[in-house]
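Asker: One structure is given below, represented as structure tokens, and several questions about it will come after.
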Amino acid sequence: MKKILISFLIATLSLTAIFASGIKETTEIKQDEQITLEWWSWSPEMKEKNQKIINKYESEHPNIIIENTMMSASEYWPKLKIRASQGNLPDVFGMSSSALEEWVEDGLLGNLDEYINNDKTKQEIYTNLLDSTKALAGGNHYYALPFALVTTNLYYNKDMFDLAGLSYPTDNWTWDDFKDAAKALTLDKDGDGAIDQWGFWFYGRYTQIESWVYANDGYLINRDTMRYEPNDNALDALKMLTDLVLVDKVAPPQKDMAAFRQRDIFAHEIAAMSVEGSWNIDNNRNHSDKSMRWGIAKIPLGPSAKVGYIYGWSDSYSMSPNTEYSQEAWDFMKYIAGEGIGMDMYMAGKIPSFKAITESEAFDASAQQPDEMYILKEQAAGAMLTSYTKGWSEWRGYGAAEALGLNGIIDGIVNGEMTFDEAMIEASKDINSVLKRYYR
């Protein structure tokens, strides 16, 4: 019996050694295996910079090849949806906050919980950005890794403020302070009865409207019912904005600015102030007169604000739920989300989600305007909301549908096509007809 037991133990140890040897060999084979990861992204103008990052990554990971496909956003989403319908998504691909909820619901994104919860991601990336993408995805799991934040700001012309003898906007500005400045900055310079310089410019665009809604602790969508049910704070913000055109006469009707690219109205000094996405810093640097002095400020808080939420959202990377190389895909995602890149990968006004980049001296770009880049850093760590839902582009009026939805309705008010009350009735009817198709 004793001999049998000894023989059994020897056999067991031998098998253990064999299996251990097999695991080691398998691991070594995997480390040497040539792996190809597909990376899809929009913004073709980044092609050269992306290739530099790929070259660097491949030199550090000799067994991995990165195939980067880039195209315009108008091409990107239709083609990505075709790949999704074929069950053949790229290993890593760009994901918009506006599409996140729908793609998660359709089971098209890989769950990132085990990666985000088990490494240093939460220490390296702004927590509120991770939280906001998680909330948009349904609130239970991570499906996107943010690489950049965009938010909104009040842009103001310092030369025009100086000529009018006005102090620059501060964090303590109220809506009354803003309106007083807009009135002082609206000028008929040649006395011909026509305004030559407007105090402010806006139209129904999401960045120019929701910024004020959230700064007054308002909301447009009731998240309990998933219906368009703006609260009183939101209605006050919408009324204040439309009155700037119709009552205060400090902003032009949208129809009168149709000859201009809207983002150039401030850059070309037609208006002294405007609210737009932080990406407009890049536009102003490139399209305004180099002698023009300008700055950015936070959106003035409304009279009902207790928190004064920032309007902002992330651009992210997601992973295919069917990738054969989930760990490798995750490592590459972290690399291109900030771990392996620098400030040169971001257009001016895009805020890196990777703290080490945003908090570096390179982010400040002190040699260029605006001087207030620190404001973007403060916003990156602040309380943030968005209005994104399924069907957002349709009900909000975005892209090809910009003349429709809430965008078109607000433009209709300031263009004198309908009263404010009529417009709010139409908005409720039209927007909820869209939301009912997505949220039953």
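The values are calculated or read from the model by the stated rules, or taken from the named source; none is laboratory data. These figures come from a predicted structure and were not determined experimentally. All Cβ positions, glycine included, derive from the backbone under ideal geometry; neighbour counts span all protein chains shown.
Asker: Would you mention how many residues in the stretch 138-194 are under 30 Å from Asp224 (Cβ atoms), part of a loop (DSSP other than H, G, I, E, B) and either at pLDDT 95 or above or touching a strand residue (DSSP E or B) at 6+ places or on another chain (Cβ under 6 Å) (or both)?
Answerer: 4
Asker: Okay, moving on. Given the conditions (1) surrounded by 15 or more Cβ atoms within 10 Å (Cβ to Cβ); (2) part of a loop (DSSP other than H, G, I, E, B), which single one is not true for Thr225?
Answerer: Going through the list (1) surrounded by 15 or more Cβ atoms within 10 Å (Cβ to Cβ); (2) part of a loop (DSSP other than H, G, I, E, B), Thr225 breaks only (1).
Asker: Considering only the stretch 325-362, how many residues are in a loop (DSSP other than H, G, I, E, B), over 18 Å from the mean Cα position of the chain (by Cα), over 19 Å from Gly110 (Cβ atoms) and in contact (Cβ under 8 Å) with a residue 40 or more places away in the chain?
Answerer: Let us first name the residues in the stretch 325-362 that are in a loop (DSSP other than H, G, I, E, B), namely 325, 340-342, 346-350, 353, 359-360.
The next check asks that each one be over 18 Å from the mean Cα position of the chain (by Cα); those that pass are 325, 340-342, 359-360.
So of that shortlist, the ones also over 19 Å from Gly110 (Cβ atoms) come out as 340-342, 359-360.
Among the residues that remain, those that are also in contact (Cβ under 8 Å) with a residue 40 or more places away in the chain are: 340-341.
Residues in the stretch 325-362 being in a loop (DSSP other than H, G, I, E, B), over 18 Å from the mean Cα position of the chain (by Cα), over 19 Å from Gly110 (Cβ atoms) and in contact (Cβ under 8 Å) with a residue 40 or more places away in the chain: 2 in total.
Asker: Residue under question is Gly110, and the condition is that it be small (Gly, Ala, Ser), under 28 Å from Ala356 (Cα atoms) and either surrounded by fewer than 15 Cβ atoms within 10 Å (Cβ to Cβ) or modelled with pLDDT of 95 or more (or both); does it hold? I'd like the intermediate steps shown before the answer.
Answerer: Working: small (Gly, Ala, Ser): yes; under 28 Å from Ala356 (Cα atoms): yes; either surrounded by fewer than 15 Cβ atoms within 10 Å (Cβ to Cβ) or modelled with pLDDT of 95 or more (or both): yes.
So Gly110 fits the description; yes.
Asker: Tell me, which residue of the stretch 268-309 that is within 16 Å of Asn157 (Cα to Cα), out of contact with any strand residue (DSSP E or B) (no Cβ under 8 Å at 6 or more places or on another chain) and among the charged types (D, E, K, R) is surrounded by the most Cβ atoms within 10 Å (Cβ to Cβ)?
Answerer: Filtering the stretch 268-309 for residues that are within 16 Å of Asn157 (Cα to Cα), out of contact with any strand residue (DSSP E or B) (no Cβ under 8 Å at 6 or more places or on another chain) and among the charged types (D, E, K, R), the one surrounded by the most Cβ atoms within 10 Å (Cβ to Cβ) comes out as Arg285.
Asker: Looking at (1) part of a helix (DSSP H, G or I); (2) touching a Pro at 6+ places or on another chain (Cβ under 9 Å); (3) of a type outside the set (Lys, Arg); (4) surrounded by fewer than 17 Cβ atoms within 10 Å (Cβ to Cβ), which is the one condition that is false for Leu129?
Answerer: (4)
Asker: Being under 26 Å from Arg437 (Cβ atoms), in contact with a Pro (Cβ under 7 Å, 6 or more places away or on another chain) and of a type outside the set (Ser, Thr, Tyr) is the requirement here; does Gly87 meet it?
Answerer: On the way: under 26 Å from Arg437 (Cβ atoms): yes; in contact with a Pro (Cβ under 7 Å, 6 or more places away or on another chain): no; of a type outside the set (Ser, Thr, Tyr): yes.
So Gly87 fails the test.
Asker: Looking at Met333 and the list (1) in contact with a Phe, Trp or Tyr (Cβ under 6 Å, 6 or more places away or on another chain); (2) at pLDDT below 95, which single condition is not satisfied?
Answerer: Met333 satisfies every listed condition except (2).
Asker: I would also like to ask the following. Quick one: how many residues across the stretch 195-204 are within 26 Å of the chain's Cα centre (by Cα), in a loop (DSSP other than H, G, I, E, B) and under 19 Å from His268 (Cα atoms)?
Answerer: Residues of the stretch 195-204 that are within 26 Å of the chain's Cα centre (by Cα), as a first pass: 200-204.
From what's left, in a loop (DSSP other than H, G, I, E, B): 200, 202-204.
Next cut, under 19 Å from His268 (Cα atoms) only: 200, 202-203.
Result for the stretch 195-204: 3.
Asker: Hey, among the residues in the stretch 381-440 that are among the β-branched types (Val, Ile, Thr) and within 21 Å of Ser96 (Cα to Cα), which one's nearest to the chain's Cα centre (by Cα)? Give the steps one after another, and end with the answer.
Answerer: Of the stretch 381-440, the ones among the β-branched types (Val, Ile, Thr) are 386, 389, 409-410, 413-414, 419, 425, 431, 434.
Filter once more, so that each one left must be within 21 Å of Ser96 (Cα to Cα): 386, 389, 434.
On the way: Thr386: 9, Thr389: 14, Val434: 23 Å.
The residue in question is Thr386.
Asker: Please tell me if Ile82 is at pLDDT 95 or above and closer than 30 Å to Ser387 by Cβ. Walk me through it before giving the result.
Answerer: Details: at pLDDT 95 or above: yes; closer than 30 Å to Ser387 by Cβ: yes.
Answer is yes for this residue.
Asker: Within the stretch 231-257, count every residue that is crowded, with 21+ Cβ neighbours inside 10 Å and in a loop (DSSP other than H, G, I, E, B).
Answerer: Matching residues across the stretch 231-257 total 3.
Asker: Here is a follow-up. Given the criterion surrounded by 13 or more Cβ atoms within 10 Å (Cβ to Cβ) and either under 17 Å from the mean Cα position of the chain (by Cα) or without any contact (Cβ under 8 Å) to a residue 60 or more places away in the chain (or both), identify the matching residue among Ser167, Ser97. Break it down into steps so the answer makes sense when it comes.
Answerer: Details: Ser167 fails: surrounded by 13 or more Cβ atoms within 10 Å (Cβ to Cβ).
Checking each option against the conditions leaves just Ser97.
Asker: Among the residues of the stretch 389-440, count how many are closer than 17 Å to Thr225 by Cβ and among the charged types (D, E, K, R).
Answerer: Final tally of qualifying residues: 6.
Asker: What number of residues within the stretch 416-440 satisfy the criterion of being of a type in the set (Ser, Thr, Tyr) and more than 29 Å from Lys249 (Cβ to Cβ)? Explain how you work it out, then say what you get.
Answerer: So the first thing to find is which residues in the stretch 416-440 are of a type in the set (Ser, Thr, Tyr), and the list is 419, 428, 433, 438-439.
Subset that is more than 29 Å from Lys249 (Cβ to Cβ): 433, 438-439.
So the answer is 3.
Asker: Also, I was wondering about something else. Select the helices (runs of 4 or more DSSP H) contained entirely in the stretch 368-437, then report the ones holding at least 1 residues which are at pLDDT 95 or above and out of contact with any Lys or Arg (no Cβ under 9 Å at 6 or more places or on another chain). Break it down stepwise before answering.
Answerer: Numbers: elements: 374-380, 392-396, 405-414.
Fully inside the stretch 368-437 and qualifying: 392-396, 405-414.
Asker: Checking the structure you have, find out if any residue of the stretch 198-206 is in contact (Cβ under 8 Å) with a residue 60 or more places away in the chain, in contact with an Asp or Glu (Cβ under 8 Å, 6 or more places away or on another chain), over 23 Å from Glu378 (Cβ atoms) and surrounded by fewer than 16 Cβ atoms within 10 Å (Cβ to Cβ). Before the answer, list the steps.
Answerer: Kept after step one, since they are in contact (Cβ under 8 Å) with a residue 60 or more places away in the chain, are these residues of the stretch 198-206: 198-206.
Next, only the ones that are in contact with an Asp or Glu (Cβ under 8 Å, 6 or more places away or on another chain) stay: 203-205.
With over 23 Å from Glu378 (Cβ atoms) added as a condition, the list becomes 203-205.
Adding the requirement that they be surrounded by fewer than 16 Cβ atoms within 10 Å (Cβ to Cβ) leaves none.
No, that holds for no residue.
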